[in-house]
Amino acid sequence: MNISIIGSGYVGLVSGACFAELGNQVICADHDTKKISGLKQGIVPIYEPGLQELIVNNFKNKRLKFTSSIREAVGASEVIFIAVGTPALENGEADLTGIENVARGIAQNMDGYRLIVEKSTVPVETCAWVKKTISTYVKKGHKFDVVSNPEFLREGSAINDFTHPDRIVLGVETAKAKQIMTSLYQPLNAPILVTNIKSAELIKHASNAFLATKISFINAIARICDKVGADVKEVAVGMGLDNRIGRYFLHAGIGYGGSCFPKDLEAFINLAKKSGYDFEILKAVRNTNQEQKGFVLQKIKDALWIIRDKTIAVLGLAFKPNTDDLRNSPSINLINALIQEGAKIKVYDPQAMEKAAKILKNVAFCKDAYQAAEGADCLIIATEWNEFKELDFIKLKKKLKRALIIDGRNIYDPKLLKGMGFTYIGVGRGNG
Ligand code: NAD
């Protein structure tokens, strides 16, 4: 099929490259001309495992093109995905300006039937607005359908998530739209759930809200574990073995972040309020997450007493491993809070240093974990990259001024580290 994806970010590029790999002719479009000219030269603006190769191969094989012209994208494709950002406004609502702009741009450039697929995460009713917008601006009464096809990929494992999804959700209104979309996704051989458009839109918000709830729930359990001397990792395993609960998203830590959960939760709370429902559970989830960040900061203060002039090594900047995405990263929040308290910060992240250099000032960027640890009063694990799981602790201990590890992601075995002479403080590992 001839496909266009408008919005070439994490979702747009991964979807575009994967659809091209499946044999479709794909155009990835973006209004960021610098990004597009970079992509044409093989410069992929984000770190996502496997993406660079996938993009370069499909570009070479002429299945994947890039453009900053919405006219070119709409002119060449029957199926047009919208994958632009939907950031939070100050009041927490989703900013749908990008969606509206793209819908208008599509309408003005249509020269025949088009299937417009809304992939960005949006509140219920957005597809209805996209439909109204296109009807308003379309010329000569060209026909079109609108589909809601929310995306569930996770940064860090995006290609595998896209090609092996647990489910594909299609909110459709017509048989034609259903037929085109199911045949587009058929090669993935994944379960396809066809619903009405509003249900599809709601499935995405409800899913993200539920996952955030699981994280806040286990973080709350971690607080109790610290008080009573239990280990949250053991508790989580015991809970997760129950199939009704499941083991995923039960990792206590320094709170969730990223470009999705915080904004999607806010948008969902707002949507619920507008519809007349006060979503108290989600407000508690948000508050617990906020508190969790303060809780970890307090652990650091409890261990160091005075933060001012202490040298603190922070391992991990990205909001999760295997990405360079810093949006709403708990690590960045923590670093800023420590800087405010007067700490000297040394950092290392395997992929996110370049992006971090643009937003973090007065921080020493180090070439590896050991350089970060050199002369530090404490070492904090802020992102659970695999390479931090296998550090040489003897070498690390020699580098540190004080053998103190605050494991914000619970990646270490407390007994092992204590046995090696470290003071180990995790989250909910029963150590206050
Ligand atoms: P992103 O910020 O990485 O990319 C969005 C892209 O859209 C940017 O390149 C931007 O320049 C472009 N853009 C914005 N307005 C445009 C316009 N009017 N015309 C053309 N291009 C425009 O965002 P993302 O992380 O890819 O997320 C996109 C959407 O998908 C969001 O709604 C997000 O919530 C949702 N989503 C994200 C993820 C994820 O893990 N990142 C997962 C599932 C769903």
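The values are calculated or read from the model by the stated rules, or taken from the named source; none is laboratory data. Bear in mind the structure is a predicted one, so any value in this text is a computation, not a measurement. A quick note on method: Cβ atoms are made from the backbone with ideal geometry, for glycine too, and the neighbour counts reach across all protein chains shown. All accessible areas refer to the heavy atoms of the entire protein, side chains included, with ligands and DNA or RNA removed. Shrake-Rupley method; radii C 1.70, N 1.55, O 1.52, S 1.80 Å.
Details
- Structure-based [θ]222 nm, the chain - -39500 (n - 2.57) summed over DSSP H runs of at least 4, per residue, nearest 500: -14000 deg cm²/dmol
- Cβ-derived FRET efficiency at R0 25 Å, Ala76 paired with Lys178, nearest 0.05: 0.60
- The apolar share of the surface of the stretch 2-195, taken as the fraction of accessible area on carbon and sulfur atoms (1.4 Å probe, ligands and nucleic acids excluded), comes to 50 percent.
- Separation of the stretch 379-423 and the stretch 58-122, taken as the distance between their Cα centroids, equals 45 angstrom.
- The accessible area of Thr311, taken with all protein chains in place and a 1.4 Å probe, comes to roughly 20 Å².
- Probe 1.4 Å, protein heavy atoms only - accessible area per residue of the stretch 230-425 in square angstrom: 48
- Whichever lysines have a C-alpha closer than 25 Å to that of Lys143, once near sequence neighbours (fewer than 8 apart) are set aside: Lys119, Lys131, Lys132, Lys176, Lys178, Lys198
- Alpha carbon centroid spacing (whole Å) that separates the stretch 1-18 from the stretch 268-299: 32
- On the basis of the beta-carbon distance and an R0 of 25 Å, Ala230 and Arg154 show a calculated FRET efficiency of 0.30.
- For a straight C-alpha distance cut-off of 13 angstrom, the aspartates and glutamates reachable from Lys346 (same-chain residues fewer than eight places away being disregarded) are Asp309, Asp368, Glu374, Asp377.
- Percent of alpha-carbon pairs separated by more than 23 Å within the stretch 266-395: 39
- Trypsin sites (Lys or Arg not before Pro) restricted to the stretch 277-362 and DSSP loop, no more than 10 other C-beta within 10 Å: Arg308, Lys361
- Proximal lysines to Lys227, defined as alpha-carbon separation beneath 18 angstrom and excluding residues fewer than eight positions away on the same chain: Lys293, Lys299, Lys301
- Legend: calculated FRET efficiency, Lys62 to Ile306, from the Cβ-Cβ distance at R0 = 45 Å, rounded to 0.05, equals 0.15.
- Each of the chymotrypsin sites (Phe, Trp or Tyr not before Pro) that DSSP puts in a loop and that has at most 14 other Cβ atoms within 10 Å breaks the chain; the longest unbroken stretch is 114-247.
- The share of accessible area on the stretch 230-425 that comes from carbon and sulfur is 52 percent, using a 1.4 angstrom probe.
- For the stretch 2-195, the solvent-accessible area with a 1.4 angstrom probe is 43 square angstrom per residue.
- The stretch 229-250 and the stretch 134-208: distance between their alpha carbon centers, rounded to Å: 32
- Divide the volume of the convex hull around the Cα atoms of the stretch 2-195 by the residue count and you get 114 Å³ per residue.
- Over all directions, the projected convex hull of the C-alpha atoms in the stretch 309-371 averages 3.8 nm² in area.
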